[in-house]
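Have a look at the structure below before the remarks.
The values are calculated or read from the model by the stated rules, or taken from the named source; none is laboratory data. This one's a predicted model, so the numbers in the text were calculated from it and none came from an experiment. We place every Cβ from the backbone using ideal geometry, glycine too, and count neighbours over all the protein chains shown.
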Amino acid sequence: MATATTARSPAPANGCSPATPHRGPELVDALPFSLSCENNKQPILDVLARVFADRREVLEIASGTGQHATWFAQQLPHLRWRPTEMPDNLATLLPRCNHYAGDNLAPPTVLDVSARPWPPQVPHALFSANSLHIMPWASVEDLFAELSERAEADTVLAVYGPFNYGGEYTSESNARFDQWLAARSPFSAIRDFEKVDALAQAAGFELAQDNAMPANNRLLVWRKPA
Ligand SMILES: C[S@@+](CC[C@H](N)C(=O)[O-])C[C@H]1O[C@@H](n2cnc3c(N)ncnc32)[C@H](O)[C@@H]1O
């Protein structure tokens, strides 16, 4: 996820540069900033505008800097957007959300997908970006186990990030990114689409869309049949 138009470059590609202040052209913006979020937010919005067109509320898992949450809340005013983060990263998420002027962004709350049962009520739409390759595989399993029990019929789940297919990287840049992830944490890795889809199926979801995104990412959309 280096940029929306270029190949993935290892260091900034994880989207986790929350402490980096953004220096805009006109003012120094001290809010936590991720360049990859800035680059991918419009392509993601183009898909979410369609798949969340008939939704009312979205629970976002692993909201990071809040750039996605505030952008999607602003651009999709029919939605109430509910950002969440791990306890230790809530302080990164809060400033940008506190800065948001609209009334359709819920106060950020803590959500560790492995701390089950989840505290929040689960709405009929969920979104997460660049999180499944960061959290341990056991947490990916926990996420879908929770959704198996808590997500009601007609729930839509949209997940953005890099995925492998047929056990293969989809690009050289993703292969380099996976090496970078492994050096950073033994628990992080680009996930196999087939394994994640198997978890989703076991949780009662059906794959509705697999959208190709810039910089060798995917936006996967599952739906629990009504
Ligand atoms: C690469 S950042 C992505 C942040 C943001 N969604 C983005 O696209 O920039 C990965 C995020 O996953 C979160 N995360 C890691 N483990 C998690 C877990 N068990 N439950 C919820 N979030 C988790 C981290 O706190 C971090 O914010």
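A few points about this structure:
- Filtered residues of the range 1-47 (kept if touching a Phe, Trp or Tyr at 6+ places or on another chain (Cβ under 9 Å), over 28 Å from P123 (Cβ atoms), at pLDDT below 50 and polar (S, T, N, Q)): S9, S17
- Of the residues making up the range 46-58, none is within 12 Å of the ligand (Cβ to nearest atom), over 24 Å from A151 (Cβ atoms) and surrounded by fewer than 19 Cβ atoms within 10 Å (Cβ to Cβ).
- Subset of the range 73-86 [out of contact with any helix residue (DSSP H, G or I) (no Cβ under 6 Å at 6 or more places or on another chain) and surrounded by fewer than 24 Cβ atoms within 10 Å (Cβ to Cβ)]: Q74, L76, P77, H78, L79, R80, M86
To keep it simple, each residue is scored yes or no on (1) at pLDDT below 95; (2) within 17 Å of L48 (Cβ to Cβ); (3) aliphatic (A, V, I, L, M); (4) touching a strand residue (DSSP E or B) at 6+ places or on another chain (Cβ under 7 Å).
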| residue | (1), (2), (3), (4) |
| --- | --- |
| G166 | no, no, no, no |
| I190 | no, no, yes, yes |
| E194 | no, no, no, no |
| Q201 | no, no, no, no |
| A215 | no, no, yes, no |
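- The set of residues from the range 87-122 being buried (at least 20 other Cβ atoms within 10 Å of the Cβ), in a loop (DSSP other than H, G, I, E, B) and near the ligand (Cβ under 9 Å from one of its atoms) comprises L111, V113.
- Selected residue [within 14 Å of A125 (Cβ to Cβ) and outside any helix (DSSP H, G or I)] from R50, R55: R55
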